[in-house]
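Presented below is the structure to which this report refers.
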Amino acid sequence: MSDQPRRPRKPYRRPKKDPVRMLAFEALRAVDERDAYANLVLPPLLRKAREKEGPDRFDGRDAALATELVYGTLRRQGTYDAIIAACVDRPLREVDPPVLDVLSLGVHQLLGTRIPTHAAVSASVELARVVLGDGRAKFVNAVLRKVAQDDLAGWIEKVAPPYDEDPEDHLAVVHSHPRWVVSALWDSLGGGRAGIEELLEADNERPEVTLVARPGRATTGELLREEAAVPGRWSPYAVRLAEGGEPGAIEAVREGRAGVQDEGSQLVALALANAPLEGRDEKWLDGCAGPGGKAALLGALAAERGAVLLAAEKQPHRAGLVARALRGNPGPYQVVTADGTRPPWRSGSFDRVLMDVPCTGLGALRRRPEARWRRRPEDLDGFAPLQRALLHTALDSVRVGGIVGYATCSPHLAETRAVVDDVVKQHPDAELVDARPLLPGVPDLGAGPDVQLWPHRHGTDAMYLALVRRTG
């Protein structure tokens with residue numbers, strides 16, 4: 001038996017709980033496990049943290065860091081997965097999802113923020129000890145130390161295939177989009193490398209918060225008195241909030257007189273409302289009204305002209321959101337729960353009809369970055385029949401001489417021009433109307449007659465709009 005004295009064991013140290021990183025981890029787990037959306041999960045988690053930690057402990061900087069960790073990790077997930085895969089000795093599918101979430105949070109801190117390397121690694125390992133245990137924390141530590149040996153540009157050079165060999169896969173890794181999405185956006189955009197790279201980069205930027213002053217209820221002047229508020233670019237009802245602006249703190253938003261609405265959505269509603277008509281202009285329809293942003297703007301515009309809006313939504317809970325958005329509208333309106341493909345109203349009942357159809361949502365990847373990883377090419381097959389059916393319904397619902405607006409928050413050609421062209425060909429009594437003059441001042445609208453907005457060109461979601469007039 002050795003008579004050497006035993007080395008004393010290090011006393012066990014309890015891992016320290018970091019409320020910011022714990023919150024970010026909880027949000028990522030909700031997104032992964034429940035298919036939740038970060039923009040819906042994060043606000044209640046932040047409120048809960050403020051109540052638990054106290055306003056002095058969970059201040060604005062903590063909330064901003066938690067938000068950046070969640071959204072930054074989700075936006076760059078594809079790039080980070082490629083880097084992590086190069087640093088582990090097994091396929092990523094064999095890494096437990098909670099471990100992968102902790103690793104992704106750590107990689108974002110190392111490669112996507114200004115957090116010092118030692119702080120990013122130690123904070124991530126400490127988080128792993130809390131939520132995963134000491135054993136897997138060692139694995140996290142080993143992987144992150146490998147990642148820390150290079151910066152983001154260096155890692156991309158290692159893990160992304162050269163552009164000349166595989167342009168789409170190169171862009172997919174560099175800009176963190178699924179390859180099929182890169183291909184679809186490139187087809188829709190047209191042109192060379194510069195345009196698609198600008199678009200993919202714009203998808204990874206944090207979007208501004210844009211408000212709408214609902215006519216007859218609020219004014220842009222009122223909203224512009226708020227701190228950090230600046231005028232919108234294109235819509236006369238839009239006001240943008242600079243970084244850090246909190247819509248819920250604004251009285252007009254709390255009262256429903258104003259709302260949060262991307263300028264692209266505002267422009268779609270305005271173009272439909274301002275399209276020239278012959279004859280009466282008394283009845284308007286929003287046939288897919290949930291969650292109610294466009295319906296609230298259309299309802300206010302209709303009220304100014306003495307027209308009535310009918311807002312229809314198939315899902316009862318979304319119809320409730322529409323009713324809430326329209327509450328207090330200055331003119332008459334009605335909200336009904338109805339399937340737009342089997343409408344309860346008579347043919348030819350309306351003068352103006354908006355069909356903002358369900359779609360893949362590829363035009364709003366800035367706001368819902370996790371959507372890019374959930375969607376699959378086969379999803380298009382599910383949406384296509386519904387989109388066509390809803391446009392058929394819209395054309396049947398509008399009177400002769402009336403106008404239909406077909407809108408999607410997707411630039412995918414299979415959800416935009418392909419749908420419109422197919423349906424219009426089947427309706428000899430329908431003709432496309434040039435929508436471009438109805439978006440005054442907005443540049444780069446293409447050859448028409450339809451309009452495609454882009455994040456990198458217009459600072460909006462990638463909204464699509466086609467206007468169709470029923471001629472007989």
Next item on the list: Could you list, in sequence order, all residues of region 15-37 that are more than 20 Å from L127 (Cα to Cα) and of a type in the set (A, V, I, L, M)?
Entry: A36
Item checked: Total residues in region 408-452, condition open to solvent by less than 70 Å² (accessible area, probe 1.4 Å), outside any loop (DSSP other than H, G, I, E, B) and within 18 Å of E263 (Cβ to Cβ) -> 4
Notebook entry, point to check: R225 versus (1) in contact (Cβ under 8 Å) with a residue 24 or more places away in the chain; (2) surrounded by fewer than 20 Cβ atoms within 10 Å (Cβ to Cβ): which is the lone unmet condition?
Noted result: (1)
Item checked: G78, sole failed condition from (1) touching a Ser or Thr at 6+ places or on another chain (Cβ under 8 Å); (2) open to solvent by less than 10 Å² (accessible area, probe 1.4 Å); (3) of a type outside the set (V, I, T) -> (2)
Notebook entry, point to check: Does region 381-401 contain at least one residue that is assigned to a loop (DSSP other than H, G, I, E, B) and touching a helix residue (DSSP H, G or I) at 6+ places or on another chain (Cβ under 8 Å)?
Noted result: no
Item checked: Residues that are part of a helix (DSSP H, G or I) and touching a residue at least 60 places away in the same chain (Cβ under 8 Å), drawn from region 300-341 -> A300, L301, A303, E304, R324, A325
Checklist line | Residue check for D461: of a type in the set (D, E), in contact with a helix residue (DSSP H, G or I) (Cβ under 7 Å, 6 or more places away or on another chain), within 19 Å of G401 (Cα to Cα) and crowded, with 16+ Cβ neighbours inside 10 Å | finding: no
Notebook entry, point to check: Taking region 279-332 only, how many residues are under 26 Å from the mean Cα position of the chain (by Cα), more than 19 Å from P215 (Cβ to Cβ) and charged (D, E, K, R)?
Noted result: 3
Notebook entry, point to check: Going by the structure shown, is W186 closer than 30 Å to W373 by Cα and hydrophobic (A, V, I, L, M, F, W, C)?
Noted result: yes
Check: Are any of the residues in region 411-429 closer than 26 Å to P236 by Cα and more than 22 Å from the chain's Cα centre (by Cα)?
Finding: no
Checklist line | Selection count, region 186-213, where residues are within 24 Å of G232 (Cβ to Cβ), open to solvent by 40 Å² or more (accessible area, probe 1.4 Å) and not basic (K, R) | finding: 5
Next item on the list: Scan region 228-251 for residues that are on the phi < 0 side of the Ramachandran plot, surrounded by fewer than 18 Cβ atoms within 10 Å (Cβ to Cβ) and either touching a residue at least 40 places away in the same chain (Cβ under 8 Å) or charged (D, E, K, R) (or both) and jot them down.
Entry: R233, E243, E246, E251
Notebook entry, point to check: Only one of (1) closer than 26 Å to V468 by Cα; (2) open to solvent by 10 Å² or more (accessible area, probe 1.4 Å); (3) hydrophobic (A, V, I, L, M, F, W, C) fails for L285. Which number is that?
Noted result: (2)
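The values are calculated or read from the model by the stated rules, or taken from the named source; none is laboratory data. Keep in mind that this is a model prediction, so the values were computed, not measured. Quick reminder, even Gly has a Cβ in these numbers, built from the backbone with ideal geometry, and neighbours come from all protein chains shown. Areas reflect the complete protein model, heavy atoms only, side chains present, ligands, DNA and RNA absent. Shrake-Rupley method; radii C 1.70, N 1.55, O 1.52, S 1.80 Å.
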